């Protein structure tokens with residue numbers, strides 16, 4: 001994204017927040033809108049996909065503390081600004097097409113869908129203020145030959161990965177517009193919205209300096225069975241009324257592995273959590289568990305014989321009202 005866009009685009013307005021929004025409120029607003037316009041939730045909807053990319057672009061900039069600070073500084077200058085390299089005979093420099101189109105569609109490896117939105121964040125004003133050499137200051141930065149080679153600009157991008165890749169980790173391949181593959185190691189336990197810095201994979205320096213970085217934001221697809229809670233994985237497991245009443249040994253699925261057997265104690269109610277140690281998310285910070293939440297499944301159809309026996313069973317039960325305590329506490 002050309003940095004001139006920072007003058008033209010109001011990222012706060014895109015995300016529907018005020019300029020003094022806190023990081024937590026910003027993240028909450030972005031996630032709400034991202035869920036609404038995510039391509040997976042709007043298949044074939046080009047307008048929703050464009051909106052999602054616009055949201056990702058906005059959040060990638062103002063969702064990062066350093067980029068937000070630079071964005072606010074750029075916006076405070078006012079739109080339409082242009083800069084000229086010192087002593088350069090009027091050559092355009094600074095903000096005009098600083099971020100050329102580097103990435104396009106395509107991909108490989110385990111990653112099944114991603115998009116890139118470009119934008120500088122580390123060196124947006126490099127070579128013009130404070131780092132440019134010449135009359136604008138001295139440092140190792142330099143600006144088109146003044147004060148030494150300058151660093152290539154950084155790029156922000158997003159990658160969508162599946163749930164199991166996020167939990168167990170893997171290596172995926174992203175592809176640049178010119179067909180150059182970039183291998184990315186996804187660490188085990190990466191969370192939705194987490195950022196990964198790819199050092200030296202951004203734009204090359206225009207004058208022989210170090211290349212920039214890529215700041216990759218990860219989006220994790222939902223799993224049809226499992227949900228993540230920190231380092232734990234949660235799964236809802238249906239059991240029959242008989243299994244809940246009399247007890248049973250049941251099979252519970254695990255993520256990417258064979259099922260495990262769990263003992264359901266007699267009289268187990270719906271909502272009880274059965275814990276399987278060490279079968280959650282494994283990261284350097286710790287190992288989570290698998291939480292199996294029991295849900296009693298009520299039969300939708302009974303034969304006449306089964307219904308008669310169930311009615312006889314009900315008659316044999318003590319005359320107790322399980323809601324009696326609830327009603328009493330509600331009155332208090």
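Throughout, read-outs are computed from the coordinates displayed, never taken from laboratory work. The structure displayed is predicted, hence computed values, not measured ones. As a convention, Cβ positions derive from the backbone with ideal geometry for all residues, glycine included, and neighbour counts pool all protein chains shown.
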Take peptides 212-221, 15-24 and line them up by average Cβ neighbours within 10 Å, highest first, as a rough protection proxy.
212-221, 15-24
Three-way shape label, the range 164-274, alpha-carbon gyration tensor, a/c 1.5:
prolate
Ranked from highest to lowest mean number of other Cβ atoms within 10 Å per residue, what is the order of the peptides 189-199, 258-268?
189-199, 258-268
Extension gain (nm, one decimal) between residue 298 and residue 321, 0.36 nm per residue minus Cα-Cα:
6.4 nm
Is the range 227-317 rounded, prolate or oblate when judged by the Cα gyration tensor, a ≥ b ≥ c being the square roots of its eigenvalues, rounded requiring a/c under 1.5 and prolate requiring a/b larger than b/c?
prolate
Before anything else, pin down the relative contact order of the range 227-317: Cα pairs under 8 Å, at least 6 apart, normalised by residue count, whole percent.
32
Relative contact order of the range 22-61, pairs being alpha-carbon contacts under 8 Å that are 6 or more residues apart, as %:
36
